[in-house]
Amino acid sequence: MQLTSFTDYGLRALIFLASLPADQMTSITEVSETYNVSRNHMVKIINQLSRSGYVTAVRGKNGGIRLGRPAAQIIIGEVVREMEPLQLVNCSSEFCHITSACRLKKALYDAVQCFLQELDKYTLADLVEDNHSLYKLLLVERPSISGR
C-alpha cells in the first residue's frame, strides 16, 4: 500500500507544524520549501487540513498557519482517513466482471482496516516530541513542546 503524495505531504506538513514552538505561525511557502514541493500543491493540502480542523489558517499581515489542535489530539489514522481515498482496487461491476463472487475485496478491506488500526495507535505528538534530530533537520529551534 502506498499513500498518495497528497496524504504524504499532509502528514509532513503536520509534522512541521507540530515541531514549531506552541502557537508559532509559519507560512505555506515555508512548509513547501522545507519539503521541496510546489506551493500550489501545498495550498491544496493545507486547505484540506484546515477544513478538517488539523490546521488553523489566519489571514492578514500577521497571519499564517499553525496546528488547529494540540498534537497529542491528532491521531495519525484519522488524518489518513480524512486525506486518503483508501480504495485499493476498483470493484465496481462496470470495471470488474467477477466482483459479485470476488473475495479479494473483503481481504483488501480487512487489510486496510488493520493498517488504519495500527496508525490509530500514534498521535502527532508521538512523532515529534523530544525528536531533536527532527528539529535539527527542519531547522526549528525550540526548547520544549510541553502540552503539544
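The values are calculated or read from the model by the stated rules, or taken from the named source; none is laboratory data. Everything numeric here is computed off the predicted structure, so don't read it as measured data. Reconstructed Cβ throughout: ideal geometry from the backbone, glycine too, with neighbour counts over all protein chains shown. Areas reflect the complete protein model, heavy atoms only, side chains present, ligands, DNA and RNA absent. Shrake-Rupley method; radii C 1.70, N 1.55, O 1.52, S 1.80 Å.
Using a Förster distance of 41 angstrom, determine the FRET efficiency expected from the C-beta separation of T56 and L116, and round it to 0.05.
Once rounded, the FRET efficiency stands at 0.95.
Accessible area of the chain with a 1.4 Å probe: how many percent of it is carbon plus sulfur?
51 percent
Given a 1.4 angstrom probe, what's the average accessible area per residue across the chain, in square angstrom?
That works out to 61 Å² per residue.
Let me know the charge dipole size of region 37-148 about its Cα centre in debye, to the nearest 20, where only the beta-carbon of Lys, Arg (+1) and Asp, Glu (-1) is charged.
500 debye
Order these peptides, 3-10, 60-67, 87-94, by their mean beta-carbon neighbour count within 10 angstrom, highest first.
Packing proxy ranking, top to bottom: 3-10, 60-67, 87-94.
Quick one: in the chain, what % of C-alpha pairs are over 27 Å apart?
Summing the P(r) of the chain above 27 Å gives 30 percent of all pairs.
Dipole magnitude of region 10-97 about its Cα centre, charges +1 at Lys/Arg Cβ and -1 at Asp/Glu Cβ only, in debye to the nearest 20?
Rounded to the nearest 20 debye, it is 320 debye.
For L116, what is the net charge nearby, where nearby means another residue's Cβ is under 12 Å from its Cβ and Lys, Arg count +1, Asp, Glu -1?
Value of the local net charge: -4.
Pairs of alpha-carbon atoms within less than 8 angstrom and 6+ residues apart define the contacts here; what relative contact order does the chain have, in percent?
31 percent
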